[in-house]
Amino acid sequence: MPAAMKLISVNLLRLFETTEGADLGKEFRSRLFPRKALIYSPSDEVDRVFIVKRGRLRVYLSYGDREFTLALLEAGDIFSTHTRAFVQTLQETELLVTDTATFQKRVSEIPEVSQAMVKVLGELLKNSLSTIEGLVFKDARLRLIEFLATAAADRGKPGNGGITVELGLNTEDIALLVGTTRQTISTIMNDLIKAGIIEKIDRQTICVRRFDELTAWKDSL
């Protein structure tokens, strides 16, 4: 259910370093946003394409007082504002921004960018369906454990007597991702810590001591 830690595996920033990508890179302008800034919403009359240069953003839908996270955007990810989604920074973020018309004119010249956009749309659809499935059929404990297990498998590194995972997210951010409250996240995390399955290294980093038991908890719920 949880949003992917990174939307696509291709880092488009590296493309700008190539001969064919350099001209496209000149069409983008840098913009800096503070943490927790709502940078785009469905009501905005802007049509932009942006690439994340640094930082992290959350793409989500909002219905009344409920929010449903679809994806996280990290360095190298690309996104378009021409959707019904909100986009909010989770930390200070620098974006490379251009207008959609310019982007469309140039993108056909570079197949890698077209492929990345198709990948973005596919990941958003997959995450949307997973979000719906998780909220309907899974409780908060299972959603959090799935998130931690996926993060450990995707980006964890050996260290501290287990698998060290730099989540880059605080308790509030994780709560938004899995669709629950900070208090619920804290309670479940404390249960996992007391069971010796994870250890908290700092506010945004954990060590999974017993990965097999973490996945076993997931399968038993």
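Using the Cα centre of segment 2-109 as the reference point, and only Cβ charges (+1 on K/R, -1 on D/E), how large is the resulting charge dipole? Debye, rounded to the nearest 20.
Details: 16 positive and 15 negative charges, 59 e Å.
Rounded to the nearest 20 debye, it is 280 debye.
In terms of modelled amide H atoms, which long-range or inter-chain residues lie less than 5 Å from the amide H of Ala37?
Thr89
Accessible area of Thr180, 1.4 Å probe, to the nearest 10 Å²?
40 Å²
Just tell me which aspartates and glutamates come within less than 17 Å, Cα to Cα, of Lys36; anything on the same chain fewer than 8 places away is out.
Reachable aspartates and glutamates: Glu67, Glu74, Glu92, Glu94, Glu172, Asp173.
Residues with beta-carbon under 11 Å from that of Leu169, excluding Leu169: net charge, scoring Lys, Arg +1 and Asp, Glu -1?
Numbers: positive: Arg56, Arg58, Arg203; negative: Glu166, Glu172, Asp173.
The answer is 0.
If you average the sequence gap of Cα pairs under 8 Å that are 6 or more apart and divide by the length of segment 2-109, what percent do you get for the contact order?
Details: 234 pairs, mean separation 41.7, N = 108.
Dividing the mean separation by the residue count of segment 2-109 yields 39 percent.
Over segment 2-109, give the accessible area per residue in Å² for a 1.4 Å probe, as an integer. Write down the numbers at each step before the final one.
Numbers: 5370 Å² over 108 residues.
That works out to 50 Å² for each residue.
Compute and list, largest first, the equivalent-ellipsoid semi-axes of segment 151-221 from the alpha carbon gyration tensor, each √(5λ) rounded to a whole angstrom.
Working: eigenvalues 65, 45, 26 Å².
With the √(5λ) rule applied to segment 151-221, the semi-axes are 18, 15, 11 Å.
The values are calculated or read from the model by the stated rules, or taken from the named source; none is laboratory data. The model shown is predicted, which means the values in this text are computed figures rather than measured ones. Counting neighbours? That spans all protein chains shown, and the Cβs are built from the backbone with ideal geometry, glycine included. Remember, those area values only see protein heavy atoms, side chains included, never the ligands or the DNA or RNA. Shrake-Rupley method; radii C 1.70, N 1.55, O 1.52, S 1.80 Å.
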